[in-house]
Amino acid sequence: MLYSSFKIREMELKNRWIMLAMHTGYAQERALCEREFSFYEARAKGGAAAVTIVLAVNEAGSLKGMHQMKSLALESLHELADRLHQYDCKLIVQLFHCGRNESMKHHREKPLFAPSAVASPIFKSEPLEMDEKELARTKEDFAFAGSLCKMAGVDAIEISASAGYLLSEFLSPITNLRKDSYGYDANKGMTYPLEVIRSVREKVGDLPILLKVSGAQMMDGGYGLEDTIFFCRLASEYIDCVTVTGGWHESPMEQISYHVSKGAYAPFAAAIKKYTDLPVIACNRIHDGETAERLLAENQCDLVGSARAFLSDPQFANRVERKEPFLPCQACNRCIMGVLKGQELACGFNPEAGREDFENKRRKIATRKEVVVVGGGPSGMEAAKKAAERGFVTTLITEERTLGGQFNLAAKPPKKDGLSAYVAYMEETLKNLGVQLVFGQKCSEEFLLTKKPYFTVIATGSQPFRLPIEGAEKAVFANDVLSGKISLPPQSEEGQVVIIGGGSVGLETAAYIKEIDEERKIKIIESQAFFGKDLGALSRPLISNLRAKGVQFMADTTADALEDGKVLISIGGQRFFLQADAVISATGSQACVFAYLTMPLMDERLSYALVGDAEKIGDGADAIKSAYELFTRVYLA
């Protein structure tokens, strides 16, 4: 069913995969550029039935690095449509207005407009309440943008009324405090969004119109699914399809991270489909063919929408159809968190995303020169991939018996198994590229000097950092617990497991222990005021889950010394001790020793570079990016 055709009005889609809108931040001039063309064209070539791009209806509604319809060179939009059409892929343009959901830092001198002067909890800036003039101007801009899309040969329009952006703000009693005819008390705030939708329809004639909605606001006091269904029924006179997401960006419930089950919000789409008779596109965490096929078979939707599956692998749809391995989205939220900070769209696991134009210009080198990569972790795998793609005879050597490095440990906590799929994909890719994989062998000076490679990549990774405190050797490392190298002693009546370090490793180790022993008592101590700082917004669901399972947290707490069965701590200058059956150290990492390799390479004047944690301690995405960038800034020929 997934690869059967489907029709929206007169627009025929070759399959059921819709690439959803993502703000890229790539816009520089008043025309779409080659970088944007290449980004979208790669996804069309990769099998998407339709690609959605997002364009602001006016200057006040735009985000940093977003094109505005009123100033966009239409010939560039027409060129994009033509370039997608050659792959039987349709172009959908989402008409967008950010409302209050943008920072003043990035909006600069432009005012933020919203139904009412209620600040966003994400961006904090208080917007201006839209007066009659601004309401009329914005409605006109939506309609004008629609007419421009039709002139440019766009296949369909999507009107954004979701996620906490302008039109959805009218639908919520939290953000719409107006007392006029556009206020929430008048028709639940639906009047203005419906007027906008009608005005677009009047301008575009029979061009298909999609309406993007949040199934529910998913906030205390916000609108619910019944309200959204009612809104869609009123809008059904003017629209042809509904794109259905979960809640708003600021909703306390997770929307798109790995904490959300696959296809978890599809029931919203199913309800709208049932009670409106409109075709629907289900969204949120649909990143594999099995989930998509299940939702279609259960009649929860007519089409499946995914943004980040196509971000991580442009060939996603084709590979799913051919049952080939694909680069799986990890739902790590690195992309959305960067965009919300005003950064360009990027994928933590596909560093080529947004660089397709650059990659298209890189020629494969006709050479027998050899590159040796030392280390099989994320940076080593990426370095070997790029070296082989550039045409080098490539050898990857690792003392471990598998690829993946610390990703094999990071995959152990609950909901992190996607990392294992990434490692499997990379191993298959390296084999297909002809990379020689040498397992279970530590790279020696003799190995390198015998090969005398043209270039060596040192990707030896990192090892846990041990706290410089008395008795530190009594603690076990989190890595050893995750790997199964160390078994925890039985739970005693008064004791507990004390984890020193409240970053991602400490929190996820606690989650791993709780999954295999839910009765285990755990206390996490952290010297700083906050836990999970390196996880950003992803720390919230993890910490909530751990608290619900009885894990205790102690912030602003310093570990001073370890004794048998005790952890001596300081809180505000006062000293205490904690009973401990076991102490787990999760206090960061330091680079593994690599001088035994680099020194002889320098002596022989053989070129090398450090990547990943060997260059600078970071997370897995940082390691991958480090290796990729090596092969962009250094042309090895």
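Only one of the numbered conditions (1) assigned by TED's automatic domain parsing to the domain that holds Lys14; (2) of a type in the set (D, E, K, R); (3) surrounded by fewer than 20 Cβ atoms within 10 Å (Cβ to Cβ) is violated by Asp313, and that is (3).
Evaluation of Asn176 against the conditions (1) under 29 Å from the mean Cα position of the chain (by Cα); (2) crowded, with 23+ Cβ neighbours inside 10 Å shows that the sole unmet condition is (1). Of the residues making up the range 107-134, just one is under 22 Å from Trp248 (Cβ atoms) and either in contact with a His (Cβ under 6 Å, 6 or more places away or on another chain) or in a helix (DSSP H, G or I) (or both), namely His107. For beta carbons closer than 6 Å, sequence separation of 6+ or different chains, a first residue in the range 256-268 that is over 14 Å from Glu298 (Cα atoms) and a second that is acidic (Asp, Glu) and assigned to a loop (DSSP other than H, G, I, E, B), the qualifying pairs are Val260/Glu254.
Applying a threshold of 6 Å to beta carbon distances and a minimum spacing of six or more residues, or different chains, the list of pairs starting in the range 433-447 at a residue that is touching a residue at least 12 places away in the same chain (Cβ under 8 Å) and ending at one that is surrounded by 13 or more Cβ atoms within 10 Å (Cβ to Cβ) and of a type in the set (Ser, Thr, Tyr) reads Val435/Thr394; Gln436/Thr395. Of Arg35, Arg30, all but one fail to be touching a residue at least 60 places away in the same chain (Cβ under 8 Å), farther than 21 Å from Ser162 by Cβ and either of a type in the set (Val, Ile, Thr) or in the same structural domain as Ile92 (by TED's automatic domain parsing) (or both); the exception is Arg35.
In the range 477-496, the residues that are over 15 Å from Gln579 (Cα atoms) reach residues that are among the acidic types (Asp, Glu) and assigned to a helix (DSSP H, G or I) with C-beta atoms within less than 6 angstrom, at least six apart or across chains, in these pairs: Ile486/Asp480. Applying the criterion of at least 1 residues that are without any contact (Cβ under 8 Å) to a residue 24 or more places away in the chain and in the same structural domain as Leu55 (by TED's automatic domain parsing) to the helices (runs of 4 or more DSSP H) found wholly in the range 162-245 leaves 191-204, 225-235. Looking across the range 454-468, the residues that are part of a loop (DSSP other than H, G, I, E, B) and modelled with pLDDT of 95 or more come down to Ala459, Thr460, Gly461.
Quick one: which of Lys124, Lys150 is of a type in the set (D, E, K, R), assigned by TED's automatic domain parsing to the domain that holds Thr52 and modelled with pLDDT of 95 or more?
Of the residues listed, the single one that is of a type in the set (D, E, K, R), assigned by TED's automatic domain parsing to the domain that holds Thr52 and modelled with pLDDT of 95 or more is Lys150.
When only residues in the range 606-615 that are modelled with pLDDT of 95 or more and part of a loop (DSSP other than H, G, I, E, B) count, which is surrounded by the most Cβ atoms within 10 Å (Cβ to Cβ)? Restricting to residues being modelled with pLDDT of 95 or more and part of a loop (DSSP other than H, G, I, E, B), the top hit is Val611.
Conditions tested, residue by residue: (1) closer than 30 Å to Asp180 by Cα; (2) not charged (D, E, K, R).
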position	(1), (2)
Phe6	no, yes
Arg35	no, no
Thr52	no, yes
His78	no, yes
Arg83	no, no
Val93	no, yes
Lys105	no, no
Glu109	yes, no
Pro115	yes, yes
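The condition of being more than 32 Å from the chain's Cα centre (by Cα), within 24 Å of Pro267 (Cβ to Cβ) and crowded, with 16+ Cβ neighbours inside 10 Å holds for only one of Lys188, Lys203, that being Lys188. Can you confirm whether Gly246 is within 20 Å of Cys98 (Cβ to Cβ), among the small types (Gly, Ala, Ser) and either at pLDDT 95 or above or over 22 Å from the mean Cα position of the chain (by Cα) (or both)? Considered against the rule, which asks whether it is within 20 Å of Cys98 (Cβ to Cβ), among the small types (Gly, Ala, Ser) and either at pLDDT 95 or above or over 22 Å from the mean Cα position of the chain (by Cα) (or both), Gly246 comes out as yes.
Can you tell me which residue within the range 616-627, out of those that are without any contact (Cβ under 8 Å) to a residue 24 or more places away in the chain and outside any helix (DSSP H, G or I), is surrounded by the fewest Cβ atoms within 10 Å (Cβ to Cβ)?
The qualifying residue surrounded by the fewest Cβ atoms within 10 Å (Cβ to Cβ) is Lys616.
Of note, Glu370 does not satisfy the criterion of being farther than 22 Å from Leu403 by Cβ and surrounded by fewer than 21 Cβ atoms within 10 Å (Cβ to Cβ).
For every residue, the table says whether it meets (1) farther than 18 Å from Ile286 by Cβ; (2) surrounded by 24 or more Cβ atoms within 10 Å (Cβ to Cβ).
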residue: Tyr192; (1), (2): yes, yes
residue: Arg198; (1), (2): yes, no
residue: Leu207; (1), (2): yes, no
residue: Ser214; (1), (2): no, yes
residue: Gln217; (1), (2): yes, yes
residue: Asp220; (1), (2): yes, no
residue: Phe231; (1), (2): yes, yes
residue: Trp248; (1), (2): yes, yes
residue: Met253; (1), (2): no, no
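Rundown of residues vs (1) under 22 Å from the mean Cα position of the chain (by Cα); (2) aliphatic (A, V, I, L, M), yes/no style:
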| site | (1), (2) |
| --- | --- |
| Glu344 | yes, no |
| Cys347 | yes, no |
| Glu359 | yes, no |
| Thr367 | no, no |
| Val371 | no, yes |
| Gly391 | no, no |
| Lys431 | no, no |
| Val438 | no, yes |
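Residues that are of a type in the set (Gly, Ala, Ser), more than 30 Å from Phe455 (Cβ to Cβ) and surrounded by 12 or more Cβ atoms within 10 Å (Cβ to Cβ) within the range 573-603 comprise Ala580, Ala582, Ser585, Ala586, Gly588, listed in sequence order. Restricting the range 38-48 to residues that are in contact (Cβ under 8 Å) with a residue 60 or more places away in the chain and out of contact with any Gly (no Cβ under 8 Å at 6 or more places or on another chain) leaves a set whose member that is surrounded by the fewest Cβ atoms within 10 Å (Cβ to Cβ) is Lys45.
Whether any residue in the range 609-618 is closer than 18 Å to Phe455 by Cβ, in contact with a Cys (Cβ under 8 Å, 6 or more places away or on another chain) and of a type in the set (A, V, I, L, M, F, W, C) is what I want to check. Within the range 609-618 (the criterion being closer than 18 Å to Phe455 by Cβ, in contact with a Cys (Cβ under 8 Å, 6 or more places away or on another chain) and of a type in the set (A, V, I, L, M, F, W, C)), the answer is yes, since at least one residue qualifies. From the list Gly348, Gly354, Gly263, the lone residue that is on the phi < 0 side of the Ramachandran plot and not hydroxyl-bearing (Ser, Thr, Tyr) is Gly348. Among the residues making up the range 431-465, a single one is acidic (Asp, Glu) and more than 20 Å from Val393 (Cβ to Cβ): Glu445.
Please determine, by comparing only the residues of the range 261-307 that are more than 18 Å from Ala49 (Cβ to Cβ) and of a type in the set (Asp, Glu), which one is nearest to the chain's Cα centre (by Cα). Taking the candidates together, the pick is Glu290. Being surrounded by fewer than 22 Cβ atoms within 10 Å (Cβ to Cβ), of a type in the set (Gly, Ala, Ser) and over 27 Å from the mean Cα position of the chain (by Cα) is true for just one of Ala152, Ala145. Which residue is that? Selected residue: Ala152, the only one of Ala152, Ala145 that is surrounded by fewer than 22 Cβ atoms within 10 Å (Cβ to Cβ), of a type in the set (Gly, Ala, Ser) and over 27 Å from the mean Cα position of the chain (by Cα). Scanning the range 469-510 for residues that are of a type in the set (S, T, N, Q), under 23 Å from Gln528 (Cα atoms) and in contact with an Asp or Glu (Cβ under 9 Å, 6 or more places away or on another chain) yields Gln496, Ser504.
Among the charged types (D, E, K, R), surrounded by 20 or more Cβ atoms within 10 Å (Cβ to Cβ) and modelled with pLDDT of 95 or more: which single residue out of Lys412, Lys442 fits that description? Quick ask: steps written out before the conclusion?
On the way: Lys442 fails: surrounded by 20 or more Cβ atoms within 10 Å (Cβ to Cβ).
Residue meeting the stated conditions: Lys412.
The values are calculated or read from the model by the stated rules, or taken from the named source; none is laboratory data. A quick note: this is a predicted structure, and the numbers were derived from the prediction, not measured. We place every Cβ from the backbone using ideal geometry, glycine too, and count neighbours over all the protein chains shown.
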